[in-house]
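The values are calculated or read from the model by the stated rules, or taken from the named source; none is laboratory data. No experiment lies behind these values; they were computed from the predicted model shown. Counting neighbours? That spans all protein chains shown, and the Cβs are built from the backbone with ideal geometry, glycine included. Heads up: the accessible areas ignore ligands, DNA and RNA and are worked out on the full protein's heavy atoms, side chains in. Shrake-Rupley method; radii C 1.70, N 1.55, O 1.52, S 1.80 Å.
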Amino acid sequence: MNTASIFTPVLKGLQEVEALMLTQSDGVHPDLGAALENLLSSGGKRIRPTLSLLTGQMLGAPDDKLIALAAAMELLHTATLVHDDLIDGSLLRRGNPTLNARWSPPATILTGDFIFARASKLAADTDHLPLMKLFAETLAVIVNGELTQLFSARGLTNRENYYKSIYAKTASLFEMTTRAAAMISPVNETVVEYMRVYGYNLGMAFQIVDDVLDFTGEQMEVGKPVGSDLLQGLVTLPVIYYAEAHPDDPDVICLASGYYSEQERIERLVQAVRKSPGVKESLDEAQEYIKKALRPLTGMPDRVERQALEDLAHYTIIRKT
């Protein structure tokens, strides 16, 4: 799919978002400013600000508030990546050295905290109190999900745990992004709810596809070793499908027993999952979420932005990185 149809309607807005994000380091320590600039220039498709802009433009949101919101969403996402990379010990992201690969843990944490603070300030610039409450609640969901994963989720082949995890990790921010853009637009609560449903289902599908790519993608494309989640004890949907089909597999039993640190055993399980129907079954499930995401768009204004949101949903399934 040619992604031009997705990004073309918001190119001008994305340029304004980039400029606004870069100003967030004005007047701070030079190293902190350089770190923020490096993080923002290290790649990424800007899916979240694109969602904000497409939704807000479609529904008539004020330009200044929409730009501030889109920048807040991307900075919030960036801050979570800074902390995630440190927690996971990741030294590369999108083929580039992570901040924690170059800086000490205290400096990395403080940089993430600074970006969280600037994201909050930009969200406040919308002058919309319910949106600020939503921002704070979503951040709490993200942090709680990360703590749950750290303390009790590793090695669990449990669907309920998985769905809660990907909601906290990814779908909650997608959901907030489209819902918040609708909240600052001149529309009723029904439309706000429709856009929340779109964002939620798109986010769930997006993370499931990410989890599939962890098994099917090439290391150079996805920016991390194949099966890296499982090597950290993180059980994703392809593994759950495989475990349900092969409950007596000794490697599955050992995974549930906490032996995910045995690299040879886990690498064998990674190869088994890659060859299993679980990969296609996971993509089929992601496709069902996409269908649910598209339904509320039928009631939206017939504009180029609505078509772009539909194209973005379809792109989520076929993307390779």
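Within segment 288-321, restricting attention to residues that are over 15 Å from the mean Cα position of the chain (by Cα), open to solvent by 20 Å² or more (accessible area, probe 1.4 Å) and among the hydrophobic types (A, V, I, L, M, F, W, C), the residue that is nearest to TYR198 (Cα to Cα) is LEU294.
Condition first: open to solvent by 30 Å² or more (accessible area, probe 1.4 Å) and closer than 26 Å to HIS314 by Cα. Now tell me which residues in segment 17-41 satisfy that. Correct list: GLU18 only. Being within 18 Å of GLY203 (Cβ to Cβ) and outside any helix (DSSP H, G or I) narrows it down to one of LEU294, LEU283, LEU309, LEU234, so name that one. When all the criteria are applied, what remains is LEU234. Among residues belonging to segment 143-161 that are open to solvent by 50 Å² or more (accessible area, probe 1.4 Å) and under 16 Å from the mean Cα position of the chain (by Cα), point out the one that is nearest to GLY112 (Cα to Cα). By that ranking, first place goes to VAL143.
When segment 260-280 is filtered for residues that are without any contact (Cβ under 8 Å) to a residue 40 or more places away in the chain, outside any helix (DSSP H, G or I) and of a type outside the set (Lys, Arg), the ones remaining, listed by number, are SER261, GLU262, SER276, PRO277. Regarding segment 243-254, can at least one residue be identified that is touching a Leu at 6+ places or on another chain (Cβ under 8 Å) and open to solvent by 70 Å² or more (accessible area, probe 1.4 Å)? Among the residues of segment 243-254, not one is touching a Leu at 6+ places or on another chain (Cβ under 8 Å) and open to solvent by 70 Å² or more (accessible area, probe 1.4 Å), which makes the answer no. Entry remark, segment 209-231: residues being part of a helix (DSSP H, G or I) and modelled with pLDDT under 85 number 8 in total. Among the candidates ALA72, ALA79, the residue that is free of Cβ contacts under 8 Å to residues at least 60 places away in the same chain, within 21 Å of SER172 (Cβ to Cβ) and of a type in the set (A, V, I, L, M, F, W, C) is uniquely ALA79. Of the numbered criteria (1) under 15 Å from ILE115 (Cβ atoms); (2) small (Gly, Ala, Ser); (3) modelled with pLDDT of 90 or more, the one SER42 fails is (3). Remark: pairs (first residue in segment 9-36, part of a helix (DSSP H, G or I); second residue surrounded by 15 or more Cβ atoms within 10 Å (Cβ to Cβ) and of a type in the set (Ser, Thr, Tyr); Cβ separation under 7 Å; 6+ apart in sequence or on different chains) = VAL10/THR50; LEU14/THR50; LEU32/SER25; LEU32/THR111; GLY33/SER25; ALA35/THR111; LEU36/SER25.
If the condition is being open to solvent by less than 60 Å² (accessible area, probe 1.4 Å) and touching a Pro at 6+ places or on another chain (Cβ under 9 Å), then segment 264-282 contributes ARG265, VAL273, SER276, GLY278, VAL279, SER282. The helices (runs of 4 or more DSSP H) found wholly in segment 45-142 and carrying at least 3 residues that are buried (at least 20 other Cβ atoms within 10 Å of the Cβ) and of a type outside the set (A, V, I, L, M, F, W, C) occupy 47-59, 63-88, 105-124.
Taking every residue in segment 106-131 that is more than 26 Å from ILE87 (Cα to Cα) and pairing it with any residue that is among the basic types (Lys, Arg) and open to solvent by 10 Å² or more (accessible area, probe 1.4 Å), at least 6 positions away or on another chain, the pairs with Cβ-Cβ distances below 8 Å are ASP125/LYS65; THR126/LYS65; ASP127/LYS65; HIS128/LYS65. Filtering ASP88, ASP84 for residues that are of a type in the set (Asp, Glu) and within 30 Å of VAL197 (Cβ to Cβ) leaves a single hit, ASP84.
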